[in-house]
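A.B. asks: My structure is below; once you've seen it, I'll send some questions.
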Amino acid sequence: MVRGVREFQEDFRDDRRREEERSDSRREDQRRDEMMRAMEESERQRREDERKMDALRTIVNDDDIEISLEERKLINNPEMKMMENGEIVKRRRSRTSAFANQFRFDKIAPRVKKTVRKKARKELDKLQAEAFREANRLLRTKTGKLRKGVTQSDVAKRAQKILKRLRK
């Protein structure tokens, strides 16, 4: 019977090792995937650079192609684009896709009119700000911490009392 317990404990240790091996293999898989993505990205970048160099090489090496000043301006202007038929058009750049637009809050929510703040409300807000400054000055230490036994609720109550006094 004792022998059976010992075998169970050894099996338990093996399970822990298996879990460690699994986590190690997961890390390895993640590293491998990351390296593959980096390689694919560098390959894509290399192909893009090669395409640009081919286009530039064609223009430079072909003696029949002469580029005027206006054409140079068009080439270096990111707003302009040439269509397949040779027509030059101004490129439209949308900030977001049509798919993303359907989730924009300003497109979904109904338009809400801004309420006009009245003069009395503005004055009350100024008095309230002054009352809170005074209450905070009284109930906080020089470093800005609340005094011992004082809560933010106490500060608000004190501010209300000061506001009542200021309104008279």
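A.B. asks: Among the residues in the range 60-72, are any part of a helix (DSSP H, G or I), in contact with a Leu (Cβ under 6 Å, 6 or more places away or on another chain) and free of Cβ contacts under 8 Å to residues at least 40 places away in the same chain? Step through it out loud before you land on a result.
C.D. replies: If we filter the range 60-72 for residues that are part of a helix (DSSP H, G or I), which is where we start, we get 60-61, 69-72.
After this cut, where a residue has to be in contact with a Leu (Cβ under 6 Å, 6 or more places away or on another chain) as well, the list is none.
For the range 60-72, residues part of a helix (DSSP H, G or I), in contact with a Leu (Cβ under 6 Å, 6 or more places away or on another chain) and free of Cβ contacts under 8 Å to residues at least 40 places away in the same chain: absent.
A.B. asks: Of the conditions (1) in a loop (DSSP other than H, G, I, E, B); (2) under 29 Å from the mean Cα position of the chain (by Cα), GLU84 clears all except one; give me its number.
C.D. replies: Unmet condition: (2).
A.B. asks: Among the residues of the range 94-142, how many are exposed (fewer than 10 other Cβ atoms within 10 Å of the Cβ), hydrophobic (A, V, I, L, M, F, W, C) and more than 30 Å from ASP154 (Cα to Cα)?
C.D. replies: 8
A.B. asks: In this structure, is GLN160 at pLDDT 95 or above, open to solvent by 90 Å² or more (accessible area, probe 1.4 Å) and not in a loop (DSSP other than H, G, I, E, B)?
C.D. replies: yes
The values are calculated or read from the model by the stated rules, or taken from the named source; none is laboratory data. Since the structure is predicted, the reported quantities are computational estimates derived from the model, not experimental observations. Virtual Cβ from ideal backbone geometry, glycine too; neighbours counted across all protein chains shown. Ligands, DNA and RNA are stripped out before the accessible areas are found, and what is left, the full protein with its side chains, is counted by its heavy atoms. Shrake-Rupley method; radii C 1.70, N 1.55, O 1.52, S 1.80 Å.
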